[in-house]
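The values are calculated or read from the model by the stated rules, or taken from the named source; none is laboratory data. As the structure is a prediction and not an experimental result, all values here were calculated from the model. Don't worry about glycine lacking a Cβ; one is built from the backbone with ideal geometry, like all the others, and counts go over all protein chains shown. Side chains are part of the model used for accessible areas, which takes the heavy atoms of the whole protein and leaves out ligands, DNA and RNA. Shrake-Rupley method; radii C 1.70, N 1.55, O 1.52, S 1.80 Å.
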Amino acid sequence: MEKITQRLIFPELFDKPIHFKFDEPHSSSDGGALLLKAADQKLQLTSALAACLVDGRQAAKVKHTIEDLLQQRIYGLASGYADANDAAR
């Protein structure tokens, strides 16, 4: 069995080291979404995009910010969920 050494790409985002084990038969393949989120947090891309948009919704009825909605959609697309039917989970 081949061992692959992984290293933490964004150490400033985590207080403790994270250890990954990729040999579980029933594990999720969405682990890349964590790296995408870390990169987005570091580069502030969805924050910058959200700042360009005008939110015309009634503030009292808003449950999720424009930034949250953008992140959900972008991360979903990047993870291969083009139809967004899993967005509620």
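For the reader, a short list of remarks on this structure follows.
- Residues in the range 40-52 that are of a type outside the set (S, T, N, Q), surrounded by fewer than 16 Cβ atoms within 10 Å (Cβ to Cβ) and touching a Leu at 6+ places or on another chain (Cβ under 8 Å): Lys42, Leu49.
- Annotation: of all residues in the range 58-80 being in contact (Cβ under 8 Å) with a residue 40 or more places away in the chain and more than 20 Å from Phe14 (Cβ to Cβ), the one that is least open to solvent (accessible area, probe 1.4 Å) is Ser79.
- You will find that of Asp55, Asp83, the residue that is over 25 Å from Leu13 (Cα atoms), free of Cβ contacts under 8 Å to residues at least 60 places away in the same chain, open to solvent by less than 90 Å² (accessible area, probe 1.4 Å) and among the acidic types (Asp, Glu) is Asp55 and no other.
- Filter result for Asp23 (open to solvent by 100 Å² or more (accessible area, probe 1.4 Å), modelled with pLDDT under 85 and among the acidic types (Asp, Glu)): no
- Test for Ala39: is it modelled with pLDDT of 95 or more, part of a helix (DSSP H, G or I) and under 26 Å from Glu12 (Cβ atoms): no
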